[in-house]
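Q: Have a look at this one before I ask anything.
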């Protein structure tokens with residue numbers, strides 16, 4: 001029997017017998033041997049332990065408070081400016097002051113201070129649980145530093161929900177503090193409205 005071998009060792013011989021007139025032909029079908037190639041190099045992945053960039057927390061400018069009066073509510077103390085009044089200095093739930101705009105006295109401003117026992121969990125959820133209407137007012141959430149006090153601003157879209165006021169939530173010791181009285185934002189700029197007196201009051205929050 002005749003067997004043909006592939007040339008040069010680069011082909012592997014494979015015999016196929018086909019019938020012919022009076023004899024059998026041996027035809028060799030050649031198949032290229034597989035070529036070994038190196039695997040492409042892979043781009044190294046980031047290390048899972050590599051820290052992600054920390055988002056910047058907005059800092060709010062505040063007023064000096066050397067001549068401000070200290071009041072309290074359920075174990076939490078804070079300061080109010082000269083001329084402002086409290087419904088009760090030892091259980092201050094509403095601060096009232098006259099808004100002085102460009103040297104002209106305007107209308108009365110009310111800042112509401114709610115203090116609750118804090119059991120842990122989301123400040124956002126705690127606020128929305130007590131202010132259910134805000135969830136439907138396109139709220140904007142912004143983590144902010146008022147002096148050394150970190151608080152979560154929850155603002156409603158100005159002009160969209162006139163009845164919802166928004167608020168600012170802070171954790172002071174074992175207390176959840178909610179500052180209300182109106183907090184909106186401009187939907188075009190995403191900028192939250194500022195009340196400098198309220199911002200400064202928040203910066204003075206501490207355990208009594």
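The values are calculated or read from the model by the stated rules, or taken from the named source; none is laboratory data. Everything quoted here is computed from the prediction, not taken from an experiment. Cβ atoms come from the backbone with ideal geometry, glycine included; neighbour counts cover every protein chain shown.
Q: For residue 96, which of the numbered conditions (1) within 32 Å of the chain's Cα centre (by Cα); (2) free of Cβ contacts under 8 Å to residues at least 60 places away in the same chain; (3) surrounded by 14 or more Cβ atoms within 10 Å (Cβ to Cβ) fails to hold?
A: All conditions pass for residue 96, except number (1).
Q: With (1) modelled with pLDDT under 95; (2) in contact with a strand residue (DSSP E or B) (Cβ under 9 Å, 6 or more places away or on another chain) as the list, and residue 170 as the residue in question, which single condition is left unmet?
A: (1)
Q: Taking the conditions exactly as written (closer than 24 Å to residue 65 by Cβ, surrounded by fewer than 19 Cβ atoms within 10 Å (Cβ to Cβ), within 24 Å of the chain's Cα centre (by Cα) and at pLDDT below 95), does residue 103 satisfy them or not?
A: Working: closer than 24 Å to residue 65 by Cβ: yes; surrounded by fewer than 19 Cβ atoms within 10 Å (Cβ to Cβ): yes; within 24 Å of the chain's Cα centre (by Cα): no; at pLDDT below 95: yes.
For residue 103, the condition - closer than 24 Å to residue 65 by Cβ, surrounded by fewer than 19 Cβ atoms within 10 Å (Cβ to Cβ), within 24 Å of the chain's Cα centre (by Cα) and at pLDDT below 95 - is not met.
Q: For the list (1) surrounded by fewer than 17 Cβ atoms within 10 Å (Cβ to Cβ); (2) over 23 Å from the mean Cα position of the chain (by Cα); (3) not assigned by TED's automatic domain parsing to the domain that holds residue 178, I need the number of the one condition that residue 62 fails.
A: (1)
Q: Give the residue that is modelled with the lowest pLDDT, with candidates limited to residues of segment 173-204 that are surrounded by 20 or more Cβ atoms within 10 Å (Cβ to Cβ) and in contact with a helix residue (DSSP H, G or I) (Cβ under 9 Å, 6 or more places away or on another chain).
A: 183
Q: Here's something else I'd like to know. Could you pull out the residue among 134, 115 that is outside any strand (DSSP E or B), surrounded by 15 or more Cβ atoms within 10 Å (Cβ to Cβ) and on the phi < 0 side of the Ramachandran plot?
A: Details: 115 fails: outside any strand (DSSP E or B).
Of the residues listed, the single one that is outside any strand (DSSP E or B), surrounded by 15 or more Cβ atoms within 10 Å (Cβ to Cβ) and on the phi < 0 side of the Ramachandran plot is 134.
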